[in-house]
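What follows is one structure encoded as structure tokens, with my remarks underneath.
The values are calculated or read from the model by the stated rules, or taken from the named source; none is laboratory data. Every value quoted in this text rests on a predicted model; they were computed, and no experiment measured them. Heads up, the Cβs are rebuilt from the backbone with ideal geometry, glycines too, and the neighbour counts pull from every protein chain shown. These accessible areas exclude ligands, DNA and RNA; they are computed on the full protein's heavy atoms, side chains included. Shrake-Rupley method; radii C 1.70, N 1.55, O 1.52, S 1.80 Å.
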Amino acid sequence: MPTMPTGLTRPDALRHPIPQENPSAFSPAAIADIVHEPRRPVYVVRRTHDGALGAVASAPRGRGSDGHDVVGLLPPLYPEWLGDRTFAATHRTRFPYVSGEMANGIATTGMVKAMARVGMLGMFGAGGLAPYKVEEAVVELRRELGGTDGWGVNLIHSPTEPELEQRVADLLVQHGVPSISASAYMDLTPAVVHCAAAGLRTDAAGQVVRPRQVFAKVSHPDVATRFLSPAPDALLRRLVASGRLTPQEAQLAARVPVAEDITVEADSGGHTDNRPLVALLPRIVALRDELCARHGYPRRVRVGAAGGLGTPQAVAAAFALGADYVVTGSVNQLAVEAGLSNQAKDLLAAADIADVAMAPAADMFELGVQLQVLRRGTMFATRAARLYEVYRDHSGLDAVPASLREKLEREVFRMPLAEVWSQTESFWQRRDPAQLDRARTDPKHRMALTFRWYLGRSSIWAIEGDPQRRTDYQIWCGPALGAFNRWRSDSFMADRANCTVAQIALNLMEGATVITRAQQLRSLGVPVPAVAFAPRPRRLV
């Protein structure tokens, strides 16, 4: 596909014949029709008798012949061109678009494969899964997608389970996963540095070559700085001592940033700091420029946008802010391929932008970290917040008043706490017995593990569609899901059977292209009607 600038170009600069069939458009409806065909070049024309600006999808017959003067040209515009061109070249995709890694396998292998088929990058939702389940998914993806770069897997920060985090990192490196999305990190860990540095080598020109790409999700400049900098010497030495890195790989890691794709995560579902994209993205872009200049990296680090992207308008705005690629999350839970029950999808499909709340995160419960979840139709946020209050105010379960214990058993757990602990004990015996060793001597930790049973099971109930636990469903989403529901209503995607992850992605990118074209014309003075900024979903695959 030819690379053509998308800015204003004078007609006399063109090197191809100019067709002269279509009439000029000055009415709102006609201008909107032209906007909705962004792949066609658009001539901006001025009507000579009154100076009004209009547009035409091919050249008018020349000055004076139809009372119009040509004042400029907008070349064709494609969705593939909205982001940074190096994204597609590096990750071997067609579009600068990523479907994010909704945890517990909600972002399924089927979703990842569907993304790869349309030239987009999909991330498998490994967070919260046992390592053997992650490995099963990786083996499946490697078998069906091979060594292509258009897929990846999540590595989630697990501050209370560092050994588990490292086990997942080991298997991702061992199986040659081409892209790894590092999420929820507050600081660098040996596991994420291992993924970034293992296998580094140099090419014939002496440039560092990466066998896999790390995407770092960040929402704070301090965390972004760590991923934009070379890995700390102490972590590299530790990985060399453990045998996970060679001395040569550690030396090369000191020459490159930990991640060359930084995903700026604004107000989103799941782990979020609720920051607005319009404030956060420019801050991280400026930080990227500063650190890349300081370290003298030979390659440009890309900065992508995530959080709040549920409509073409939001996607177009992200690219206009300077995003090199976009990442969607919550909206994909309504996709046919999503690993979420129909009962949970029914709740999501009815959500509006205000139907969300913050609740304690199961994986970082003791730290007081919160995530954003669906509020409408579920009591999870309220009940989880109550559990954290009890944890914060008491030294252990024995210190909780009997009346409060009984209320929790009746309204939240729906079983005696002794039975909850029995199930909790069985879970950690399989997953990480060290947690039980600590719980035997630390009543507060035992209480945390007991309460985390509810937070962990609530997500599984939503995935499985347990009808007895409908009011306890934990469903991660942000306001973007409500905006998405409004956008798809009264379109073919109102029927969820048509909401495939590919239809969602292609419509968001196509719509963002239309809106970008509308803004281009408006910036040149053409009176673009509001309807041109509101493209509707249509069948694209």
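Do we find a residue being under 22 Å from A196 (Cα atoms) and open to solvent by 50 Å² or more (accessible area, probe 1.4 Å) anywhere in the range 259-267?
To start, the set of residues in the range 259-267 that are under 22 Å from A196 (Cα atoms) comprises 259-265.
Imposing the further condition that a residue be open to solvent by 50 Å² or more (accessible area, probe 1.4 Å) reduces the set to none.
No, every residue in the range 259-267 fails to be under 22 Å from A196 (Cα atoms) and open to solvent by 50 Å² or more (accessible area, probe 1.4 Å).
When the range 199-228 is examined, which residues are found to be open to solvent by less than 20 Å² (accessible area, probe 1.4 Å) and of a type in the set (G, A, S)?
A216, A224
Could you give me the residue pairs with C-beta distances under 6 Å whose first residue belongs to the range 404-432 and is in contact (Cβ under 8 Å) with a residue 40 or more places away in the chain and open to solvent by less than 70 Å² (accessible area, probe 1.4 Å), whose second residue is among the aliphatic types (A, V, I, L, M) and part of a helix (DSSP H, G or I) wherever it lies, and which are 6+ apart or on separate chains?
Qualifying pairs under 6 Å: F413/V420.
Which of (1) under 30 Å from V44 (Cα atoms); (2) of a type in the set (V, I, T); (3) under 22 Å from the mean Cα position of the chain (by Cα) is the odd one out, the single condition T109 does not satisfy?
Tallying (1) under 30 Å from V44 (Cα atoms); (2) of a type in the set (V, I, T); (3) under 22 Å from the mean Cα position of the chain (by Cα), T109 fails exactly one: (1).
Restricting attention to the range 504-527, which residues are in a loop (DSSP other than H, G, I, E, B) and either touching a strand residue (DSSP E or B) at 6+ places or on another chain (Cβ under 6 Å) or open to solvent by less than 20 Å² (accessible area, probe 1.4 Å) (or both)? Before you say what the answer is, go through the steps one by one.
First pass over the range 504-527, keeping only residues in a loop (DSSP other than H, G, I, E, B): 524-527.
Listed by number, the residues that qualify are L524, G525, V526.
Name the single residue, out of those in the range 433-470 being of a type in the set (K, R) and touching an Asp or Glu at 6+ places or on another chain (Cβ under 9 Å), that is least open to solvent (accessible area, probe 1.4 Å). Even if it seems obvious, please write down each step before you answer.
So the first thing to find is which residues in the range 433-470 are of a type in the set (K, R), and the list is 438, 440, 444, 446, 452, 457, 469-470.
Of the ones still in play, those that are also touching an Asp or Glu at 6+ places or on another chain (Cβ under 9 Å) are 444, 452, 457.
Values: K444: 55, R452: 25, R457: 81 Å².
Per the stated criteria, the residue is R452.
Can you tell me how many residues in the range 405-431 are farther than 23 Å from Q468 by Cα and of a type outside the set (S, T, N, Q)?
4
Conditions (1) over 21 Å from D466 (Cβ atoms); (2) open to solvent by 10 Å² or more (accessible area, probe 1.4 Å); (3) touching a residue at least 40 places away in the same chain (Cβ under 8 Å), marked per residue:
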position	(1), (2), (3)
A318	yes, no, yes
L321	yes, yes, yes
G329	yes, yes, yes
D346	no, yes, no
M358	yes, yes, yes
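Any idea how many residues of the range 264-283 are in a strand (DSSP E or B) and farther than 20 Å from F380 by Cβ? Quick ask: steps written out before the conclusion?
Of all residues in the range 264-283, those in a strand (DSSP E or B) come to 264-265, 270-271.
With farther than 20 Å from F380 by Cβ added as a condition, the list becomes 264-265.
The qualifying residues number 2.
Working only within the range 30-51, note down all residues that are farther than 14 Å from P76 by Cβ and open to solvent by 10 Å² or more (accessible area, probe 1.4 Å). Steps first, please.
Step one: filter the range 30-51 for residues farther than 14 Å from P76 by Cβ, giving 30-33, 44-51.
Result: A30, D33, R46, R47, T48, H49, D50, G51.
Do we find a residue being part of a loop (DSSP other than H, G, I, E, B) and either touching a residue at least 60 places away in the same chain (Cβ under 8 Å) or among the β-branched types (V, I, T) (or both) anywhere in the range 364-376?
Here is the first cut: in the range 364-376, the residues part of a loop (DSSP other than H, G, I, E, B) are 364, 368-369, 375-376.
Filter once more, so that each one left must be either touching a residue at least 60 places away in the same chain (Cβ under 8 Å) or among the β-branched types (V, I, T) (or both): 364, 369.
Yes.
Quick one: which of R488, R536 is farther than 19 Å from L73 by Cα, open to solvent by 30 Å² or more (accessible area, probe 1.4 Å) and in contact (Cβ under 8 Å) with a residue 12 or more places away in the chain? Lay out the reasoning, then the answer.
Working: R488 fails: open to solvent by 30 Å² or more (accessible area, probe 1.4 Å).
Every option except R536 fails the conditions.
Can you name every residue in the range 418-461 that is closer than 16 Å to R405 by Cβ and either part of a loop (DSSP other than H, G, I, E, B) or aromatic (F, W, Y) (or both)?
Once the filter is applied, which keeps residues that are closer than 16 Å to R405 by Cβ and either part of a loop (DSSP other than H, G, I, E, B) or aromatic (F, W, Y) (or both), the range 418-461 yields W421, F451, W453, Y454.
Would you check if V112 is in contact with a Pro (Cβ under 8 Å, 6 or more places away or on another chain), without any contact (Cβ under 8 Å) to a residue 60 or more places away in the chain and on the phi < 0 side of the Ramachandran plot?
Details: in contact with a Pro (Cβ under 8 Å, 6 or more places away or on another chain): no; without any contact (Cβ under 8 Å) to a residue 60 or more places away in the chain: yes; on the phi < 0 side of the Ramachandran plot: yes.
Answer is no for this residue.
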